[in-house]
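A.B. asks: If you scroll down you'll find the structure; I have some questions about it.
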């Protein structure tokens, strides 16, 4: 029931994932027909909905029969191996955290958001918004979990991990980044990952680094800054195309290549953000998710659960704890 | 002597500012001919240079005859009304701070960087990088100084000021933004500015808000994220134009409109970033500044000094102190 285009696009994506990928998707929501034609997919009943802009903590506390809470319980109870939601991000996190619980040894779960890198493997930003005020030790765990997630998701051993800061030198940054930098540099990660020092905002889309670690406040500001910049550039392009009939004809010529080259930037293709550090897989899809985004998220959730992501995250954190 | 294209483009910009705008520019640098043809502009001798990647504090401490230190002394001594540098940002800040000194009542000077907003007045980001770890009271002063700067620079009374955070509600953010939000909301700014609550990363280029306040770490990450996104989009466009002969022809049709519409995004046109809170005007130009950027920076420095920016900043801070 979550997302700007729910339940239509969500149900359509779930059906498509089952029909095309053979992944048995369980829907969670009202059983009164609201979900439309579910194509025979199992539905776990949930009579309430936590709205997109509703207070997350209160929503989870008061709406125990909401689709988000019931979905997290389904994972906890072994009825599903992963949950996917395009709904209220804070309520998704709170439901998953409260119902699935934290992995042993994890101080704070974090959000890992894959960012596209042109002609290169994605760069994963952790924490992209779960924890606004962080301790250096938590950021070290974000690095450990981000690297384990990267290896599992993209098949790359020993990914390169960088610290998001405001200069390449270890002396650059704020108190949090400097302390975290020192911890990461002092405790070699062995085979798990390679700490390559500081990255800057301009490295987020540049490729070359696999995991970029930051606190959830800075990560969320950076993510929304990227989204805003993307929108402005698209607006400029559309204005240019619309300016004259000649421009419109030229735009028609360019449009197919443009779509193809810009495709990596489309968040629909990344499979969504992941909540790392829980006893279960939780994927947070963009609020505007289409059926295509849901298919990719279901596939990612299925693969990660089958690869025992949670077990690998717990091992990554305990290896250095 | 500062900047990736110094001294050629810097001297050319200074000459142009004098010849076209009638602003009497004083150059600071070696008098051995390194500066080339200065077109008769006065040169204040400075035998040393603080390099672009040199440690800022040590550079300023040890190179007392550097062009940066001598330029700041020229403002302090009344030989110039403003300084413009495309050199080492940290060393520019340190020189200006140590030689000009802080305005009375200012806890910490901050960097104000104008961001373009399509079809709207620019949005000024403060602090864009001077202070990595901040107190709420400093951010309140950044808001006061940012608003006074905005009014002086863009002629707008009572600009709208927002706090950069990760959600619209006052409850969203980290400890610093929540405390600052409370201070700004509790102490009405009267005629100086209107506090409109939180802004998000996607609002940086969206217009509508005139001053966005943040700590220098977050501000610098956001700024470099925008720069990185701009580069990626330009790369995609160039790849699209180069993909086929048909695309190239279409690109030639679109190029003039594209250049015109994208012009507001060119940092060369903004006049550069400003260091606010000092007894004197200091403009920090981009390291890659061309002569055109220097002309715009000289014009901005001239106008702001003539408008008594420093006096207005001191008044803005003391009004609520």
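A.B. asks: Restricting attention to the stretch A:166-184, does a residue exist that is closer than 19 Å to residue A:128 by Cα and in a strand (DSSP E or B)?
C.D. replies: Scanning the stretch A:166-184, I find no residue that is closer than 19 Å to residue A:128 by Cα and in a strand (DSSP E or B), so the answer is no.
A.B. asks: Now, a different point. Inspect all residues belonging to the stretch B:268-281 and state whether any of them is crowded, with 24+ Cβ neighbours inside 10 Å, away from chain A (no Cβ under 11 Å) and farther than 30 Å from residue B:25 by Cα.
C.D. replies: no
A.B. asks: Show me the strands (runs of 3 or more DSSP E) found entirely inside the stretch A:1-101 where at least 1 residues are surrounded by fewer than 21 Cβ atoms within 10 Å (Cβ to Cβ) and in contact with a helix residue (DSSP H, G or I) (Cβ under 6 Å, 6 or more places away or on another chain).
C.D. replies: On the way: elements: A:27-29, A:43-45, A:82-85.
In the stretch A:1-101, the matching strands (runs of 3 or more DSSP E) lie at A:43-45.
A.B. asks: Would you pick out the residues in the stretch B:240-259 that are surrounded by 12 or more Cβ atoms within 10 Å (Cβ to Cβ) and farther than 14 Å from residue A:258 by Cα?
C.D. replies: B:249, B:253, B:255, B:256, B:257, B:258
A.B. asks: Starting from residues that are at pLDDT below 95 and more than 7 Å from chain B (Cβ to nearest Cβ), keep the ones in the stretch A:204-222 and report whichever is surrounded by the fewest Cβ atoms within 10 Å (Cβ to Cβ).
C.D. replies: Step one: filter the stretch A:204-222 for residues at pLDDT below 95, giving A:205-208.
Imposing the further condition that a residue be more than 7 Å from chain B (Cβ to nearest Cβ) reduces the set to A:207-208.
Working: A:207: 17, A:208: 13.
Applying the filter and picking the extreme gives A:208.
A.B. asks: Return only the number of the condition from (1) surrounded by 15 or more Cβ atoms within 10 Å (Cβ to Cβ); (2) more than 9 Å from every other protein chain (Cβ to nearest Cβ) that residue B:237 does not satisfy.
C.D. replies: Of everything listed in (1) surrounded by 15 or more Cβ atoms within 10 Å (Cβ to Cβ); (2) more than 9 Å from every other protein chain (Cβ to nearest Cβ), residue B:237 misses just condition (2).
A.B. asks: Follow-up. Checking residue B:190 against (1) without any contact (Cβ under 8 Å) to a residue 60 or more places away in the chain; (2) more than 19 Å from residue B:277 (Cα to Cα): exactly one of these is not met. Which one?
C.D. replies: Condition not satisfied by residue B:190: (1).
A.B. asks: Separate question: Could you please let me know if residue A:119 is surrounded by fewer than 24 Cβ atoms within 10 Å (Cβ to Cβ) and at pLDDT below 95? Quick ask: steps written out before the conclusion?
C.D. replies: Numbers: surrounded by fewer than 24 Cβ atoms within 10 Å (Cβ to Cβ): yes; at pLDDT below 95: yes.
For residue A:119, the condition - surrounded by fewer than 24 Cβ atoms within 10 Å (Cβ to Cβ) and at pLDDT below 95 - is met.
Condition check ((1) more than 12 Å from the chain's Cα centre (by Cα); (2) within 19 Å of residue A:72 (Cβ to Cβ)) across all residues:
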residue: A:278; (1), (2): yes, yes
residue: A:281; (1), (2): no, yes
residue: A:284; (1), (2): no, yes
residue: A:290; (1), (2): yes, no
residue: A:314; (1), (2): yes, yes
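A.B. asks: Suppose the filter is closer than 23 Å to residue B:200 by Cβ, at pLDDT 95 or above and more than 15 Å from the chain's Cα centre (by Cα); does residue B:225 pass it? Show your work before the answer.
C.D. replies: Values: closer than 23 Å to residue B:200 by Cβ: yes; at pLDDT 95 or above: yes; more than 15 Å from the chain's Cα centre (by Cα): yes.
Yes, satisfied.
Residue-wise test of (1) out of contact with any strand residue (DSSP E or B) (no Cβ under 6 Å at 6 or more places or on another chain); (2) at pLDDT below 95.
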| site | (1), (2) |
| --- | --- |
| B:21 | yes, no |
| B:25 | yes, no |
| B:41 | no, no |
| B:46 | no, no |
| B:51 | yes, yes |
| B:56 | yes, yes |
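A.B. asks: Quick check on my filter: what residues within the stretch B:115-135 are farther than 17 Å from residue A:173 by Cα and facing chain A (nearest Cβ under 10 Å)?
C.D. replies: Residues satisfying the conditions are B:116, B:117, B:118, B:119.
A.B. asks: Same structure, new question: Can you tell me which residue in the stretch A:152-165 is nearest to residue B:223 (Cα to Cα), limited to those that are without any contact (Cβ under 8 Å) to a residue 60 or more places away in the chain and either more than 14 Å from chain B (Cβ to nearest Cβ) or surrounded by fewer than 22 Cβ atoms within 10 Å (Cβ to Cβ) (or both)?
C.D. replies: Step one: list which residues in the stretch A:152-165 are without any contact (Cβ under 8 Å) to a residue 60 or more places away in the chain, which gives A:154-165.
In the following step, the residues that additionally are either more than 14 Å from chain B (Cβ to nearest Cβ) or surrounded by fewer than 22 Cβ atoms within 10 Å (Cβ to Cβ) (or both) were identified as A:154-161.
On the way: A:154: 29, A:155: 32, A:156: 31, A:157: 32, A:158: 30, A:159: 26, A:160: 24, A:161: 22 Å.
Filtering first and then ranking leaves A:161.
A.B. asks: Here are B:123, B:113, B:180: which of them is closer than 30 Å to residue B:64 by Cα and in contact with a strand residue (DSSP E or B) (Cβ under 7 Å, 6 or more places away or on another chain)?
C.D. replies: Numbers: B:123 fails: closer than 30 Å to residue B:64 by Cα; B:180 fails: closer than 30 Å to residue B:64 by Cα.
Exactly one of B:123, B:113, B:180 is closer than 30 Å to residue B:64 by Cα and in contact with a strand residue (DSSP E or B) (Cβ under 7 Å, 6 or more places away or on another chain), namely B:113.
A.B. asks: Okay, moving on. Just to verify a result, which residue in the stretch B:193-202, among those that are at the interface with chain A (Cβ under 7 Å from one of its Cβ atoms) and touching a residue at least 24 places away in the same chain (Cβ under 8 Å), is surrounded by the fewest Cβ atoms within 10 Å (Cβ to Cβ)? Steps first, please.
C.D. replies: Within the stretch B:193-202, the first condition is being at the interface with chain A (Cβ under 7 Å from one of its Cβ atoms), and the residues that meet it are B:200-202.
Pick out the ones that are also touching a residue at least 24 places away in the same chain (Cβ under 8 Å) and you get B:200-201.
On the way: B:200: 22, B:201: 26.
This residue is B:200.
A.B. asks: Further, regarding this structure: Kindly evaluate residue A:125 against the criterion of being buried (at least 19 other Cβ atoms within 10 Å of the Cβ), under 18 Å from the mean Cα position of the chain (by Cα) and at pLDDT 95 or above. Walk me through it before giving the result.
C.D. replies: Numbers: buried (at least 19 other Cβ atoms within 10 Å of the Cβ): yes; under 18 Å from the mean Cα position of the chain (by Cα): yes; at pLDDT 95 or above: yes.
Here the answer is yes, as residue A:125 does meet what is asked.
A.B. asks: Which residues, counting only those in the stretch B:166-187, are in contact (Cβ under 8 Å) with a residue 40 or more places away in the chain and either at positive phi or at the interface with chain A (Cβ under 9 Å from one of its Cβ atoms) (or both)?
C.D. replies: Hit for the stretch B:166-187 is B:176, nothing else.
A.B. asks: Taking residue B:306, is it more than 30 Å from residue B:178 (Cα to Cα), touching a helix residue (DSSP H, G or I) at 6+ places or on another chain (Cβ under 9 Å) and more than 7 Å from chain A (Cβ to nearest Cβ)? If you could, list the steps in order and put the result at the bottom.
C.D. replies: On the way: more than 30 Å from residue B:178 (Cα to Cα): yes; touching a helix residue (DSSP H, G or I) at 6+ places or on another chain (Cβ under 9 Å): no; more than 7 Å from chain A (Cβ to nearest Cβ): yes.
No; evaluated as a whole, the condition is false for this residue.
The values are calculated or read from the model by the stated rules, or taken from the named source; none is laboratory data. Everything numeric here is computed off the predicted structure, so don't read it as measured data. Cβ atoms come from the backbone with ideal geometry, glycine included; neighbour counts cover every protein chain shown.
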